[in-house]
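Take a look at this one; I'll ask things after.
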Amino acid sequence: ADADARISDQVAEVNTAMANIDSLNTEIGQRKALGQSTADLRDQRDQLLVQVNEKMSITSFERPNGEITVLAPGGNLMLDDTRLPISFVATNTFVAGNTVQPIQISTGSTTVSISADVSAGDGSLAGLLRIRDTLLPTVQTALDDLAFEIATNLATVSVGGVNEAVNLFTDAGGT
């Protein structure tokens, strides 16, 4: 649940940065059309792009009007003339068999999962997805196996040559 909460926080940070980049894009386009300097705005936009890229591997390129287009990992559009925010719904409690939620981009009528593409790239979101989707399930399986082995080995104790059931590890139903 902690990994999901951190993923959710970082998705919100990416969306905030992308909204600011979108606003700067508009200002840059307006200034460029008037023949005014855009250097200060481009610097701000570049800093925001670095912040987003630290979280997930994005690609960007500048269009002739001075505005940029941003692509998410896998090539899904995040910003062009329209900004397409990413979304994520955190799972508060994980139990065996839970299905994890993906990071998604909605393009109006279509919602596309970008989790696999984000996870395959670089950045803190990629790391959190790999921890949640690969490392934690592996560790959980190892802990389950260890708990089973301990319970099996401590199920009976030999006292004076007589085996006694200890039943240290039972559930509420006594099994």
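Can you tell me which condition Ala120 does not meet? The list is (1) open to solvent by 80 Å² or more (accessible area, probe 1.4 Å); (2) over 15 Å from the mean Cα position of the chain (by Cα), and all the others hold.
Tallying (1) open to solvent by 80 Å² or more (accessible area, probe 1.4 Å); (2) over 15 Å from the mean Cα position of the chain (by Cα), Ala120 fails exactly one: (2).
Just to check your reading of the model, which residue among Asp133, Asp171 is modelled with pLDDT of 80 or more, open to solvent by less than 90 Å² (accessible area, probe 1.4 Å) and under 37 Å from the mean Cα position of the chain (by Cα)?
Asp133
Restricting to the range 95-108, and then to whatever is assigned to a loop (DSSP other than H, G, I, E, B) and at pLDDT 85 or above, can you tell me which residue is most open to solvent (accessible area, probe 1.4 Å)?
Looking at residues that are assigned to a loop (DSSP other than H, G, I, E, B) and at pLDDT 85 or above, I get Gln101.
Here's something else I'd like to know. Across the range 41-54, what is the number of residues that are of a type in the set (A, V, I, L, M) and open to solvent by 70 Å² or more (accessible area, probe 1.4 Å)?
Selection size over the range 41-54: 1.
Return only the number of the condition from (1) farther than 28 Å from Ile21 by Cβ; (2) at pLDDT 90 or above that Arg83 does not satisfy.
Against the list (1) farther than 28 Å from Ile21 by Cβ; (2) at pLDDT 90 or above, Arg83 comes up short only on (1).
Can you run down the residue pairs with Cβ atoms below 7 Å, 6 or more apart or on separate chains, where the first is in the range 106-121 and under 16 Å from Asp4 (Cβ atoms) and the partner is at pLDDT below 90 and among the basic types (Lys, Arg)?
Ser119/Arg130
If we keep just the residues of the range 145-157 that are part of a helix (DSSP H, G or I) and open to solvent by less than 80 Å² (accessible area, probe 1.4 Å), which is farthest from Asn15 (Cα to Cα)?
Thr152
Per-residue answers, yes or no, for (1) closer than 18 Å to Ser124 by Cβ; (2) aromatic (Phe, Trp, Tyr); (3) surrounded by 14 or more Cβ atoms within 10 Å (Cβ to Cβ):
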site: Ala17; (1), (2), (3): yes, no, yes
site: Leu24; (1), (2), (3): no, no, yes
site: Ala39; (1), (2), (3): no, no, no
site: Glu67; (1), (2), (3): no, no, yes
site: Leu71; (1), (2), (3): no, no, yes
site: Asn76; (1), (2), (3): no, no, yes
site: Leu79; (1), (2), (3): no, no, yes
site: Thr82; (1), (2), (3): no, no, no
site: Thr93; (1), (2), (3): no, no, no
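Give all pairs with beta carbons closer than 8 Å in which a residue from the range 66-87 that is of a type in the set (Gly, Ala, Ser) meets a residue that is part of a strand (DSSP E or B) and open to solvent by less than 30 Å² (accessible area, probe 1.4 Å); count only pairs at least 6 apart in sequence or on separate chains.
So the pair list comes out as Ala72/Met78; Ala72/Ile86; Ala72/Ile105; Ser87/Ile105.
The values are calculated or read from the model by the stated rules, or taken from the named source; none is laboratory data. These figures come from a predicted structure and were not determined experimentally. Don't worry about glycine lacking a Cβ; one is built from the backbone with ideal geometry, like all the others, and counts go over all protein chains shown. The protein model used for the area step is the full one, side chains on, heavy atoms only, and it has no ligands, DNA or RNA in it. Shrake-Rupley method; radii C 1.70, N 1.55, O 1.52, S 1.80 Å.
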